[in-house]
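Scroll down for the structure; my scribbles are underneath it.
Values quoted throughout were computed directly from the atomic coordinates according to the rules given, and no laboratory measurement underlies them. Note that the structure is a prediction, hence the values are computed from the model and not measured. Neighbour counts are summed over all protein chains in view; Cβ atoms, including those assigned to glycine, are modelled from backbone coordinates with ideal geometry.
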Amino acid sequence: MAKIELFDTHVHLNSKMYEADLDEVIHRAVEAGVTRMAVIGFDEPSNARALELAEQYESIYAVVGIHPSDAKSATDDSWPLLRQQLTHPKVVALGECGFDYYHDTSFNDIQRDVFKKQLEIAKEMDMPIVVHMRDSTHDTYEMLNDEGRGLSGVVHCYSGDVLMMQKFLDLGFYIGLDGPVTFKNAHNVHEIAKVVPIDRLVIETDGPYLTPTPNRGKRNEPAYVSYVAEKIAELKGMTYEEVCRITTENGLKMYRLEI
C-alpha cells in the first residue's frame with residue numbers, strides 16, 4: 001500500500017504560538033503523514049520568519065505577502081523587499097493578500113491599494129497567489145477579475161457560496177478548505193466540500209487558528225489537517241486515501257512543485 005501523504009497548504013508556523021515547541025509540532029505533523037507544509041507570511045517580520053523556517057526544514061515552503069489586516073504596515077520599501085523574497089527558491093507563492101472586512105472597514109481603500117499592488121507584483125514575478133477573503137466575497141472576485149486575470153493560486157479558507165465558488169474556479173483558482181468543514185453546523189462549508197471538483201481542492205489548517213473537531217478550543221497545528229481530509233472524504237463519498245493523494249497532488253500543482 002502506498003504511503004499516505006498530506007500537504008498542509010496554509011499554516012502559520014511563523015506565529016509566536018509555536019515558539020516553545022516548534023520541533024515537536026513538526027514531528028507530530030510528519031507522524032500524521034504531513035510531508036509538506038506551506039508557511040504563510042502576513043507582514044514583514046512573519047515573511048522573514050517563514051523564509052527562515054523554509055531554509056531550516058526540508059518539508060517547509062514559504063509564502064510571503066501582506067495580509068489585508070496588516071495593509072497599513074506597507075511602505076514604499078515593502079515592495080522591493082517582497083520582490084527580492086519572491087526569488088528565493090523555497091518561496092512558492094505571494095500571500096496572503098486580499099480583503100478582510102470583518103474587524104475593521106475604516107481602511108478599505110488602503111487594503112485595495114495593497115492588494116492591487118501585490119497582484120501587479122505576482123504578475124511581474126510570475127507567482128501564484130494565496131488569497132485571503134473575509135466578508136468580502138464580491139469585492140475579492142471583482143479585484144481578481146479586473147486586476148488579477150491570468151493569475152492562479154488559491155482562495156484560502158473559502159466561505160462564499162457555491163455560485164461564487166464557480167466564478168473563482170472559472171478564473172483558474174483552487175479552493176482551500178480547513179477546520180470549519182469539520183464543524184457540525186457549518187452547512188455552507190459542507191455544501192462547498194460536496195460540490196467542489198476534487199481536482200481543484202486543497203486542504204489546509206490555517207494553524208494556529210480554526211482548529212478542527214475534535215480539538216476545537218486548542219491550538220491548531222499541521223497534524224490536524226488529517227481531520228479536514230477525513231471530513232471531506234465523508235462528505236464526498238470518497239476514501240481518505242483518495243482525498244489525501246489528490247489534494248496533495250493539487251497542492252503541488254498549485255505551488256508549481258514537482259509531483
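Take every Cα pair under 8 Å whose residues are at least 6 apart in sequence, average their separation, divide by the length of the range 1-128, and the relative contact order is 20 percent. Considering all different alpha carbon pairs of the range 151-214, the Kirkwood hydrodynamic radius works out to 11.9 Å.
For the chain, the dipole from Cβ point charges (+1 on Lys and Arg, -1 on Asp and Glu) about the Cα centre works out to 500 debye, to the nearest 20.
Largest GNM mean-square fluctuation among Ile246, Ile66, Ile232, using the chain with Cα springs under 10 Å: Ile246. For trypsin sites (Lys or Arg not before Pro), the sites in the range 1-110 that DSSP calls loop and that have at most 12 other Cβ atoms within 10 Å are Lys3. Sorting Met164, Met254, Met238 from the fewest to the most surrounding beta carbons within 10 angstrom yields Met238, Met164, Met254.
Rounded to the nearest 500, the 222 nm mean residue ellipticity of the chain from helices alone is -13000 deg cm²/dmol, with -39,500 (n - 2.57) taken per DSSP H run of at least 4 residues. Here Lys72 is the anchor, and the lysines within straight C-alpha reach of less than 24 Å, apart from those fewer than 8 places off in the same chain, are Lys16, Lys116, Lys117, Lys123. Taking every C-alpha pair closer than 8 Å and separated by at least 6 residues, the mean separation divided by the residue count of the chain gives a relative contact order of 19 percent. Seen from all directions on average, the range 1-50 presents a Cα convex hull projection of 3.6 nm².
Extent of the range 6-254 along its three principal axes (Cα atoms, max minus min coordinate, largest first): 47, 41, 31 Å.
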